[in-house]
Amino acid sequence: MPQENIYGNISTVQHQMQRIRQESGFPGVDDEDDEADYENIEDSIELKERNPNQTEAFKEEPKTQAATNHNVCGTKSIVFLYVLLIASSVMWVALLALLFVKCTAEIQTLKTLLTEKGSAEIQNLQTLLTEKDSQMRANFENYVSNGTAEIQTLKTLLTEKDSQIVAKFENYISKDSQIIENVTKLENYVYKVCANTCSGSWNLFNGAFYYFSKENKLWKEARTFCQSQNSDLAVINSDEELKYLQDKGPANELWLGLSDSDNEGTWKWLDGRVVEKSLWHNGEPNDSQGKEDCGLLSNGLLNDLRCETKRHWICEKPL
C-alpha cells in the first residue's frame with residue numbers, strides 16, 4: 001500500500017479517536033501523551049512498511065522450499081532409474097551368459113553325436129560300396145564270360161552261314177554257266193534251223209528274229225509279206241528293242257505293227273497293247289487330213305502316216 005494512504009488513514013484515525021473521547025466525556029491528554037501516541041503510531045507504520053517485505057519473503061520461502069524438495073525428489077527418481085537399469089542390464093547379461101553356456105553345451109553335444117553318427121554312416125557306406133563293387137565286378141565278369149561265349153557262337157553261326165552262302169553262290173554260278181551253255185546251244189540250233197527255213201535277211205536279237213526289207217510296200221502289203229513268212233510287223237517291247245531296230249534298219253522310216261484302224265485316235269500294237277505316248281515324236285500322232293491311220297519308226301521315234309504310202313518295213317518272228 002502507498003505511504004501517503006497510510007498517513008491519511010492515521011489522520012483519520014486520530015480525528016475519530018478525538019471525536020470519540022469528546023463524545024464519551026473522557027478527559028483529554030496532554031501534548032506529551034499525544035506525541036508518545038504519534039511515535040507509537042509511526043513505529044506501527046514503519047513496522048507495517050517492513051511487514052509487507054517480510055510477508056513476501058515468507059510467501060516466497062515456501063516456494064523455494066517446494067522447488068528444493070521437488071529437485072531432491074527428481075534426483076532420487078533418476079538415481080533409482082539408473083540403479084534399476086543397471087540391475088536389469090546385469091540380469092540380461094547373466095541370462096545371455098547362461099544361454100550362451102547352454103547353447104555351447106548343446107552344440108558340443110550335437111558335434112559329438114554328428115561325429116559318432118557320421119563315422120558310423122561312413123563305415124556303413126564304405127561297407128555297402130565294397131559289397132556293391134564286388135557284386136558289380138562279379139556281374140561284369142559274368143557278362144563278359146557270357147558275351148565271349150555268345151560271340152563265339154555267333155562266329156560259328158556266321159562261318160556256317162558263310163559256307164552255305166558260298167556253296168549256294170557257287171551253285172548259282174554253276175547253274176548260270178549251265179544256262180549260258182544251254183542258250184548258246186539253243187542259238188546254234190536256231191541258226192541251223194533258220195538256215196534251212198529263213199532267208200539271209202533275218203537277224204536274231206533278244207529271243208526273236210527280225211527281217212529288214214530292202215524294198216518299199218504299203219502298210220497292208222508289208223504285213224501280208226510278214227504273215228507269209230510266219231511272222232508279223234514288228235512291235236516294240238523295250239527301249240533296247242527300239243534302239244536295235246532303229247540302228248539296224250536300212251531307212252529312216254520303217255513300217256511297224258501299230259494303227260488306230262479299229263478305233264480312231266486309239267493307237268494299239270498288233271498284240272493289243274496301247275502305244276505309250278513317250279514313244280511318239282512331239283505333236284504326233286496328228287492324223288493329218290484325217291487319213292493317217294498307220295504307224296512307222298521315224299528317226300528313233302513313232303510317227304503316223306497314211307497307210308497307202310509305201311515304205312520299208314520290219315517283220316518280227318518269235319522263237
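Need the list of lysines near LYS132 for cross-linking: C-alpha distance under 23 angstrom, and skip anything on the same chain fewer than eight residues off. List returned: LYS117.
Summarising the strand pairing of region 198-318, around 90 percent of its internal DSSP beta bridges are antiparallel. How would region 198-318 be classified by its alpha-carbon gyration tensor: rounded, prolate or oblate, with rounded meaning a/c under 1.5 and the a/b versus b/c comparison settling the rest? Prolate, because a/c is 1.5 or more and a/b exceeds b/c. Straight Cα distances below 18 angstrom link LYS111 to the lysines LYS102, with same-chain residues fewer than 8 positions distant left out. Counting every other Cβ atom within 10 Å of each residue's Cβ, ASP260, ASP271, ASP304 order from fewest to most as ASP271, ASP260, ASP304. By the count of other C-beta atoms within 10 Å, a proxy for reagent exposure, CYS226, CYS103 are ordered fewest to most as CYS103, CYS226. In order along region 104-109, phi translates into HN-Hα couplings of 4, 5, 4, 4, 5, 4 Hz, rounded to whole numbers, per the Karplus curve 6.51 cos²θ - 1.76 cosθ + 1.60 with θ = phi - 60° and x for Gly and Pro. Anything over 28 Å Cα to Cα? Flag those among LYS155/LYS175; LYS217/LYS277; LYS185/LYS317; LYS220/LYS243; LYS248/LYS277, in the order listed. Pairs exceeding 28 Å: LYS155/LYS175.
Each part gets one Cα centre, and for region 78-139 versus region 228-300 those centres are 107 Å apart. With the simple model of a label 7 Å out from the Cα in the direction of the Cβ, GLN178 to LEU270 spans 3.8 nm. Ignoring lysines fewer than eight residues from LYS76 along the same chain, the ones with Cα atoms less than 25 angstrom from its Cα are LYS63. Put in order of Cβ neighbour count within 10 Å, fewest first, the listed residues LYS117, LYS217, LYS291 become LYS117, LYS291, LYS217. The modelled label-to-label distance for the pair TYR189/GLN126, using points 7 Å beyond Cα in the direction of Cβ, is 9.3 nm.
Read-outs throughout are calculated quantities, based only on the coordinates presented, and are distinct from any laboratory measurement. Treat the numbers as computed from the prediction; the structure is a model and nothing was measured. No Cβ is skipped: glycine too gets one built from the backbone with ideal geometry, and neighbour counts run over all protein chains shown.
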